[in-house]
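The values are calculated or read from the model by the stated rules, or taken from the named source; none is laboratory data. Treat the numbers as computed from the prediction; the structure is a model and nothing was measured. Cβ coordinates were reconstructed from backbone atoms using ideal geometry, including for glycine residues, and neighbour counts include every protein chain displayed.
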Amino acid sequence: MTRVLGVSAFYHDSAAAIVVEGALVAAAQEERFTRIKHDASFPGNAVRYCMQSVGCRLSDIDAVVFYEKPLVKFERLLETYLAFAPTGFRSFSTAMPIWLREKLFQKSALIRDLREIDGGFDEQRLLFTDHHLSHAASAFYPSPFDRAAILTMDGVGEWCTTALSAGSGSAIETLNELKFPHSLGLLYSAFTYYLGFKVNSGEYKVMGLAPYGSPIHVDKILEHIVDVKDDGTFFLNQRYFDYCTGLTMTNSNFTDLLGQPVRKAGEYLTQFHMDVAASLQVVTESIVLKLARTARRQTGERNLCLAGGVALNCVANGKLHQQQIFDRIWVQPASGDAGGAIGAAFVGYHVFFQKPRRNPDAKVDGMSGGYLGPEYTRDQIADQLATAGARFEELPSDLILERTAKALANGAAVGWMQGRMEFGPRALGARSILGDPRSPSMQKTLNLKVKYRESFRPFAPAVLREHVGDWFDFEADSPYMLMVADVLPERQKKMSEAERSLFGIDKLNVARSEIPAVTHVDYSARIQTVHHETNALYYDLIAKFRDLTGVPLLVNTSFNVRGEPIVCTPSDAFRCFMGTEIDLLVIGNFMLLKDEQNPELKLDYRDAFDLD
């Protein structure tokens, strides 16, 4: 039996994943255990969880594979500073002590951390792979395809920022690469910084803000900031950026070009900011579509796999699906650095050990619906709730479904924790907050009173797979909430002249469809198709809601507040329940009503976590 552990760490979103005999059996992010958002530390808790899942010691593992090569990354850092010298000395003097003290000796640090878990771990079993090969492996090997083109797009690994590869059987061949400093991920992050959001966590806010604006700055961006070729390759004009050698993403030339200073976090979002976001999104989509056309032309493949942080741009993914450049598209649900742990484990199994690939399943991919994290027994749930002082009732599954569906139909916000925790940034019905999509006030309620976050941010519909085409201009699988499509015209509501004339955030209060809580201002929705094969209980809950209301979908958002990692344990779920205005909590077969809880246990979660 061959067992390979993959590890990603030391930048952001540290994680561990384990592949046994070619199957991905467990994966988790360190943040879920430490409760530190985007935790970058060595994922000791996640490694221990993976070991427990397969019932073995770390010293029994055939290899531990780290998701990138730190020395090559250090080479890129040095060469970049030399290329730009003497500019950037302040950044150089800040970064270099950290590299010399910590990152340059990451192999030694990894061996030390692994031996803290198991003193018998053999350092010869620690291997390293390339960052973008990890991304490509995470996209191709769990996909339902035997052959596919593979596009990986992110900020930067060692040198590579964008790569086109071809996957066939158990082999991956890299065909073309675009290298630092020309990076679509860094372009998006630079605008994220300019718009006042946190780099490496706020990019999805920019994507959510874009529909409120008009893309009036596209020509300016393409003329001055990024030069895009017909094949999708692009070059960033470093005159406008500071990320190579500075302490910020953009510089004064960038602000002079766009005409306003960098927005400070928490400042009012104006129409200007929305227009900038819309313009960036259009440029991003154009580049992705051109790269995809090149991938199809160069490989001749009919299937496409995507990974890297840019692949989490579900709006661009939706446009790619609409264009039908490829017959089928599969996106790694943990496309960012966390997913690098999955890719590293698969690289170890298929590339280093030359093991054959399992035959892909056209219906169920190798991610098992994303449900790869810890789960808790009935006794564990009861013990944690009792220890927390919770008042709860145990019910049979049919009553759990019936009462939860009725509560949702009556407008309740429901915390829903069932089975194995999801891997990746999206909650997929295992650690979710659910609501009624018909409610015109549900989006604002969940954002402001439950999630404690910006009111403009949209929510996703979780829809029964067989009904997706009845509500959305989309007829395909989207189990990981990574595709955006429009609500069907017959489900939309016509706006009055006064409503059409609204600008910016004022658009938020207009009910645009029969399911306003999941309809964004441009009539789009980030779709999760729910499949009985991967999550029967979640499927049955939505079906029960459909029986009551005629609507086969629910609002689904992650079970956390702004700045908090998604809940992992029953204790986490209860704390979040008591710190927000969630009305009902369901964990396994236990049901908790907010009105029945001890008021002395109520928490104030509004300022409990650093803003993301």
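Taking I515, is it of a type in the set (V, I, T) and farther than 30 Å from H38 by Cβ?
yes
Return the residues of the range 289-306 that are outside any helix (DSSP H, G or I) and closer than 13 Å to I329 by Cα; say none if nothing qualifies.
To start, the set of residues in the range 289-306 that are outside any helix (DSSP H, G or I) comprises 300-306.
Once the filter is applied, which keeps residues that are outside any helix (DSSP H, G or I) and closer than 13 Å to I329 by Cα, the range 289-306 yields E301, R302, N303, L304, C305, L306.
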Only one of V25, V20, V7, V47 that is touching a helix residue (DSSP H, G or I) at 6+ places or on another chain (Cβ under 9 Å), free of Cβ contacts under 8 Å to residues at least 40 places away in the same chain and in the same structural domain as Q354 (by TED's automatic domain parsing): V20
The range 298-328, residues that are under 15 Å from A148 (Cβ atoms) and free of Cβ contacts under 8 Å to residues at least 24 places away in the same chain: G300
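Given the criterion in contact with a helix residue (DSSP H, G or I) (Cβ under 7 Å, 6 or more places away or on another chain), outside the structural domain of E301 (by TED's automatic domain parsing) and touching a residue at least 60 places away in the same chain (Cβ under 8 Å), identify the matching residue among A338, A382, A344. Don't jump to the end; show me each part of the working.
Details: A338 fails: in contact with a helix residue (DSSP H, G or I) (Cβ under 7 Å, 6 or more places away or on another chain); A382 fails: in contact with a helix residue (DSSP H, G or I) (Cβ under 7 Å, 6 or more places away or on another chain).
Answer to the check: A344.
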Of all residues in the range 144-186 being without any contact (Cβ under 8 Å) to a residue 60 or more places away in the chain and among the β-branched types (V, I, T), the one that is farthest from D365 (Cα to Cα): T161
Enumeration of residues in the range 165-174 that are among the aliphatic types (A, V, I, L, M) and either in the same structural domain as T299 (by TED's automatic domain parsing) or in contact with an Asp or Glu (Cβ under 8 Å, 6 or more places away or on another chain) (or both): A166
Top-ranked residue of the range 519-533 - restricted to ones that are at pLDDT 95 or above, crowded, with 17+ Cβ neighbours inside 10 Å and not small (G, A, S), ranked as nearest to G213 (Cα to Cα): R526
Count of residues meeting criterion [at pLDDT below 95, over 17 Å from Q260 (Cβ atoms) and more than 20 Å from the chain's Cα centre (by Cα)] in the range 199-238: 1
Residue satisfying all of: in the range 255-273; in a helix (DSSP H, G or I) and at pLDDT 95 or above; farthest from V156 (Cα to Cα) among these: F272
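Is it fair to say G415 is in a loop (DSSP other than H, G, I, E, B) and modelled with pLDDT of 95 or more?
When the stated conditions are applied, G415 does not pass them.
When you scan the range 276-290, do you find a residue that is under 15 Å from A136 (Cβ atoms) and not charged (D, E, K, R), even just one?
Within the range 276-290, the subset under 15 Å from A136 (Cβ atoms) is none.
No, the range 276-290 contains no residue that is under 15 Å from A136 (Cβ atoms) and not charged (D, E, K, R).
Kindly indicate which of Q354, Q323 is polar (S, T, N, Q) and under 22 Å from D62 (Cβ atoms).
Numbers: Q323 fails: under 22 Å from D62 (Cβ atoms).
The match here is Q354.
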Qualifying residue in the range 396-404 (condition: within 24 Å of M153 (Cβ to Cβ), of a type in the set (D, E, K, R) and crowded, with 17+ Cβ neighbours inside 10 Å): no
All positions within the range 440-467 that are buried (at least 20 other Cβ atoms within 10 Å of the Cβ) and either small (G, A, S) or in contact with a Cys (Cβ under 7 Å, 6 or more places away or on another chain) (or both): A460, A462
Residue list for the range 386-424, restricted to those being of a type in the set (A, V, I, L, M, F, W, C), within 29 Å of A26 (Cα to Cα) and within 29 Å of the chain's Cα centre (by Cα): L401, V414, W416, M417, M421, F423
Checklist (1) among the small types (G, A, S); (2) modelled with pLDDT of 95 or more; (3) buried (at least 17 other Cβ atoms within 10 Å of the Cβ) applied to A536, failing item: (3)
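Only one of these is in contact with a Pro (Cβ under 9 Å, 6 or more places away or on another chain), within 18 Å of A334 (Cα to Cα) and at pLDDT below 95: F10, F33. Name it. Spell out the reasoning first.
Details: F33 fails: at pLDDT below 95.
Unique residue meeting the criteria: F10.
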Pair list, Cβ under 7 Å, 6 or more apart: the range 458-473 residue acidic (D, E), other residue crowded, with 23+ Cβ neighbours inside 10 Å and modelled with pLDDT of 95 or more: D473/A485
Qualifying residues in the range 210-254 (those that are part of a loop (DSSP other than H, G, I, E, B) and among the polar types (S, T, N, Q)) - the one surrounded by the most Cβ atoms within 10 Å (Cβ to Cβ): T245
Test result for L446, closer than 27 Å to G309 by Cα, under 22 Å from the mean Cα position of the chain (by Cα) and in a helix (DSSP H, G or I): yes
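Going through N303, N313 one at a time, which residue ends up being within 30 Å of S524 (Cβ to Cβ) and in contact with a helix residue (DSSP H, G or I) (Cβ under 9 Å, 6 or more places away or on another chain)?
Details: N303 fails: in contact with a helix residue (DSSP H, G or I) (Cβ under 9 Å, 6 or more places away or on another chain).
Answer to the selection: N313.
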Cβ-Cβ under 8 Å pairs, at least 6 apart or on other chains, the range 196-218 side within 12 Å of V282 (Cβ to Cβ), far side not in a helix (DSSP H, G or I): M207/N313; P211/H520; P211/V521; P211/D522; P211/S524
